[in-house]
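For reference, the structure discussed in these notes is given below.
Please treat every number below as a calculation from the coordinates, not as lab data. Keep in mind that what you see is a predicted model, and the values were worked out from it rather than measured. Ideal geometry is used to build each Cβ from the backbone, glycine not excepted, and the neighbour counts take in all protein chains shown.
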Ligand code: PEP
Ligand code: MN
């Protein structure tokens, strides 16, 4: 590990640093005359990096060396592949997740589920609990919504991706969800991250609109540190200065994350755009930047919905996105995972 220390470090701070290094089993050596670059050799652990970062005398960890965190891609390390029913994220596989923003009307939910499956989705999205900016907005259909998701899962064979908002609901939601969604507003809820980490079930972790890439990765690290290795990162747009789009899809983050971490990364063009007409071009951009999949809001009657109607696209447009995904995947020698099992219709 290589540390950059603060200039003219007081002796007490240096002593604390050297004592920590020795207690963790490292040998230390200064690499420069000013004694600002400190090399630590020894067998590192992921938690050591933060232990040094937390010291007041340490400006930054320049190279984590063997103390790599769990999300980090070692040189030459292959992608982690996260399997959710028949879907496979990473390792050259691209997954399409689609469905309504929220679980609302029963008929509509089944109609949308069949429609997105017909158009190439292997996983159905839909929140039973909705994180909303205002406490007076629709908060989701909650337990009733969860029951509907259980039924639509059985009928269509689609895996279910649904948000869990409260650590106390993880067990209940986990009985229906094939993949927990942690929303942008919950990315910093560490008790929730720990609880889904313990659940040992795939987690779709969305980046907060105000989170740096490092903060996003540290949220993933909370899940990984519990022994749950099935984390898929989702870039859904960060807050920009211009209200023309709801958020700014950070395609640079997607490209960077594909290098920095072995975890799969997907794009959410719907919450980035906030407008149905921009979802398809942003979906293309996310895939072109290297995303291992998309999560898209699709609805058959967007005028009726209580959340995010303006960004809902039709199943037909979703079908065009599937065709785009197949074309872009071919450029990168990747494959789009399409649904295989026959299902019965109502
Ligand atoms: C959602 O997926 O409907 C949602 C609320 O997304 P985000 O957490 O990214 O805002
Ligand atoms: Mn939404």
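Summarising the label geometry, the points placed 7 Å from Cα in the beta-carbon direction at residue 81 and residue 275 lie 4.0 nm from one another.
By the Kirkwood approach, averaging reciprocal distances over each pair of separate Cα atoms, region 1-124 gets a hydrodynamic radius of 18.4 Å. Note on the chain: with a GNM built from Cα contacts shorter than 10 Å, the maximum mean-square fluctuation among 256, 114, 271 falls on 256. Calculate the length of the line joining the C-alpha centroid of region 211-272 to that of region 292-314, in whole Å. If you average the Cα positions of each part, the centres end up 20 Å apart.
Suppose the chain between residue 51 and residue 166 were pulled fully straight at 0.36 nm per residue; how much longer would it get relative to their current alpha carbon spacing? Write down the numbers at each step before the final one.
Working: separation 115, 0.36 × 115 = 41.40 nm, distance 2.89 nm.
Full extension of this stretch gives 38.5 nm more.
Sorted ascending by nearby beta carbons within 10 Å, beginning with the fewest, 275, 322, 153 become 275, 153, 322. Here 245, 261 are placed in order of increasing Cβ neighbour count within 10 Å, fewest first, which gives 245, 261. Can you give the % of DSSP beta bridges in the chain that are antiparallel, to the nearest 5? Taking every DSSP beta bridge with both residues in the chain, the antiparallel ones total about 40 percent.
Comparing 33, 53, 297 in a Gaussian network model of the chain where C-alpha atoms under 10 Å apart are linked, the largest mean-square fluctuation is found at 33. Centre-to-centre, using Cα atoms only, region 77-93 and region 113-144 are separated by 24 Å.
Computed across region 2-63, the Kirkwood radius stands at 11.5 Å (inverse of mean 1/r, all Cα pairs). When the chain is treated as a GNM with alpha-carbon contacts under 10 Å, the residue of 305, 296, 103 showing the greatest mean-square fluctuation is 305.
So, by mean Cβ neighbours within 10 angstrom, what's the order for 121-132, 182-193, 210-221 with the highest one leading?
Working: 121-132: 24.4, 182-193: 19.8, 210-221: 18.1.
Descending mean neighbour count gives 121-132, 182-193, 210-221.
Using the Cβ-Cβ distance between residue 13 and residue 260 with R0 set to 41 Å, the FRET efficiency works out to roughly 0.85.
The alpha carbon convex hull volume per residue for the chain rounds to 150 Å³. The residues 101, 43, 234, when put in order of fewest to most other Cβ atoms within 10 Å, stand as 43, 101, 234.
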